[in-house]
Amino acid sequence: LEEQITDSPAMQDAADALNQLRALAAIGLGINVDRDLLSLFDREVGIVVNGEDGQATVQLLLRPRDSAAASDSLDRMRDALKQRGSRVTRSVAEGVEVTTIVVPEIGQVGYALSGEVIVLAFEPDAVAAILEAHASGETLSRIDAYRDAFAVIGTHLGHEVWVDVAGSIGAAGEMLQIDDETRGILLRIGAFALSAPARDNHLEINAILTVK
């Protein structure tokens with residue numbers, strides 16, 4: 001992807017921004033973006049977005065190709081940030097160490113390495129909640145709306161998207177400026193699911209929208 005951006009004159013601004021990000025991370029935070037950050041995204045990536053009353057939270061689930069190398073990358077970034085004045089604390093959730101890094105004037109991030117999976121969120125409590133949900137079996141695979149949608153699609157291969165539409169409308173609260181009739185229609189939608197596996201050198205897209 002980066003090679004495509006670099007080779008395209010129309011994407012020069014994006015290429016310049018990426019190079020600026022590398023420089024800022026290296027100088028300001030001591031982080032090697034290519035070696036330690038981008039390498040965490042080289043295999044499977046899951047993005048979880050949820051919230052309540054208009055307050056959204058985002059968590060990342062990463063499964064890099066080399067979990068040992070990923071652990072080393074996390075340690076290097078943690079140590080580099082600590083050397084530049086960030087505060088590092090540790091806690092334990094479900095037997096897994098959760099590391100919290102508070103970067104002055106920027107914010108905080110929490111992460112944990114559980115097996116081959118990195119759980120990362122801006123709120124350490126969210127990291128702990130994901131670990132606890134996994135340990136108790138309270139995962140998406142237990143939700144009827146999730147199972148039913150992908151049962152119709154028939155595959156979990158490749159890229160996957162699942163959205164609890166009604167739940168998202170409720171979580172958005174008053175931030176979503178729509179009239180009552182439109183809101184009522186949207187609340188009748190159960191879920192949106194998409195699977196996009198790569199087959200025979202092409203991307204196959206399957207999607208479904210369920211209605212309550």
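The values are calculated or read from the model by the stated rules, or taken from the named source; none is laboratory data. Treat the numbers as computed from the prediction; the structure is a model and nothing was measured. We place every Cβ from the backbone using ideal geometry, glycine too, and count neighbours over all the protein chains shown. Accessible surface is based on the protein model in full, side chains and every heavy atom, while ligands, DNA and RNA are left aside. Shrake-Rupley method; radii C 1.70, N 1.55, O 1.52, S 1.80 Å.
Rounded to the nearest 20 Debye, what is the dipole magnitude of the range 67-212 about its Cα centre when Lys and Arg each give +1 and Asp and Glu each give -1 at the C-beta?
For this selection, approximately 280 debye.
Among 118-130, 196-208, how do they line up from the highest to the lowest mean number of other beta-carbon atoms within 10 Å?
So the order, starting with the most tightly packed, is 118-130, 196-208.
Only Cα pairs under 8 Å and at least 6 apart count here; give the relative contact order of the range 87-212 as a rounded whole percent.
Computed value for the range 87-212: 17 percent relative contact order.
In nanometres, what is the gap between the two model label sites at Ser136 and Asn206, each 7 Å from Cα along Cα-to-Cβ?
Simple spin-label model gives 3.2 nm for this pair.
Could you work out what % of the accessible surface of the range 114-212 is carbon and sulfur, using a 1.4 angstrom probe and leaving DNA, RNA and ligands out of the count?
The computed percentage sits at 57.
Can you tell me the Rg and the Dmax, both Å, for the Cα atoms in the range 84-212?
When restricted to Cα atoms, the range 84-212 yields Rg and Dmax of 18.9, 53 Å.
So, taking all protein chains as they sit and a 1.4 Å probe, how much accessible area belongs to Asp66, in Å² rounded to tens?
Approximately 80 Å² of Asp66 is accessible to the 1.4 Å probe.
Round to the nearest 10 and report in Å² the accessible area of Leu140, as given by a 1.4 Å probe over the protein chains' heavy atoms.
Roughly 80 Å² of Leu140 is accessible to a 1.4 Å probe.
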